[in-house]
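Read the structure below first, then the notes.
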Amino acid sequence: MKDMQYTRPSGQQAELARGYDIVLCGVGGQGVLSVAAIIAQAAVSEGREVCQSEVHGMAQRGGAVLAHLRIAQGAVHSCLVPGGCADMILSLEPLESLRYTDMLAPGGILITAEEAFVNIPNYPEMETVYAAIAAFSGSRRVPALRLAQEAGSPRAVNMVLVGAAAKQLPLKTESLENAIRERFASRGEKTAAMNLAAFSNGRNLP
């Protein structure tokens, strides 16, 4: 487990307020931690306190990846989202989203890519997985691969998911876009533009 805490510059004060808790999940190679880093950076740019905790099995591609991300106006005293308190589960893989539903708060939101990453021999039928997701009133399946391909690369699925979550996050769209630009700036303008297009495709879903 690795914890990373981001804090506002010293001297800035804000009243302690209820934060926004996110559980992010998927499998190794999908870019779950990039999603967490972008949301965290966007929050920091708005002067929020952010604390992130990761548990991942990335030594082997396809291992489970889980990140807790807590955003608040005031101090964050633990990087772990308590059970039953997550405002959002944001998943890059549908079956993985169901592993953590006990962490979802009443009225919480579950957003997941609809495409499966079949990394186990007894992966359930997709109709069964989709039905279990639909049982949560705040759930949404995102055609992330199609939207990423439309943006220019199937590797941009994770940015589609950031976009799909954007309207629910307590953050400005511009802050998320700037964080994406910064994240991919070193890879060239074309790559940054493609990831921004994937974000836009996800955000503009009806």
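The values are calculated or read from the model by the stated rules, or taken from the named source; none is laboratory data. Everything quoted here is computed from the prediction, not taken from an experiment. Reconstructed Cβ throughout: ideal geometry from the backbone, glycine too, with neighbour counts over all protein chains shown.
Would you mind stating whether A144 is within 22 Å of A67 (Cβ to Cβ), touching a helix residue (DSSP H, G or I) at 6+ places or on another chain (Cβ under 6 Å) and surrounded by 17 or more Cβ atoms within 10 Å (Cβ to Cβ)?
yes
Between S137, S153, the distinction of being among the hydroxyl-bearing types (S, T, Y) and at pLDDT below 95 belongs to S137 only.
The set of residues in the stretch 93-107 being buried (at least 22 other Cβ atoms within 10 Å of the Cβ) and acidic (D, E) consists of E93, E96. Looking for something part of a strand (DSSP E or B), of a type outside the set (S, T, Y) and under 17 Å from A40 (Cα atoms) - is there at least one such residue anywhere in the stretch 89-112? Checked the stretch 89-112: at least one residue is part of a strand (DSSP E or B), of a type outside the set (S, T, Y) and under 17 Å from A40 (Cα atoms). In summary, D87 fulfils each of the numbered conditions (1) out of contact with any strand residue (DSSP E or B) (no Cβ under 9 Å at 6 or more places or on another chain); (2) more than 14 Å from V27 (Cβ to Cβ); (3) not basic (K, R) with the single exception of condition (1).
All told, A148 meets the bar of being within 20 Å of A36 (Cα to Cα) and out of contact with any strand residue (DSSP E or B) (no Cβ under 7 Å at 6 or more places or on another chain).
Meeting the requirement of 1 or more residues that are at pLDDT 90 or above, the strands (runs of 3 or more DSSP E) wholly within the stretch 1-84 are 20-27, 49-56, 64-72.
So if I check each of S200, S175, S186, which one is of a type in the set (G, A, S), at pLDDT below 95 and in a helix (DSSP H, G or I)? Break it down into steps so the answer makes sense when it comes.
Working: S200 fails: at pLDDT below 95; S175 fails: at pLDDT below 95.
Among S200, S175, S186, only S186 is of a type in the set (G, A, S), at pLDDT below 95 and in a helix (DSSP H, G or I).
Among the residues of the stretch 30-48, write down those that are more than 14 Å from the chain's Cα centre (by Cα) and surrounded by fewer than 21 Cβ atoms within 10 Å (Cβ to Cβ). Talk me through it step by step, then tell me what you get.
So in the stretch 30-48, the residues more than 14 Å from the chain's Cα centre (by Cα) come out as 44-48.
Matches in the stretch 30-48: V44, S45, E46, G47.
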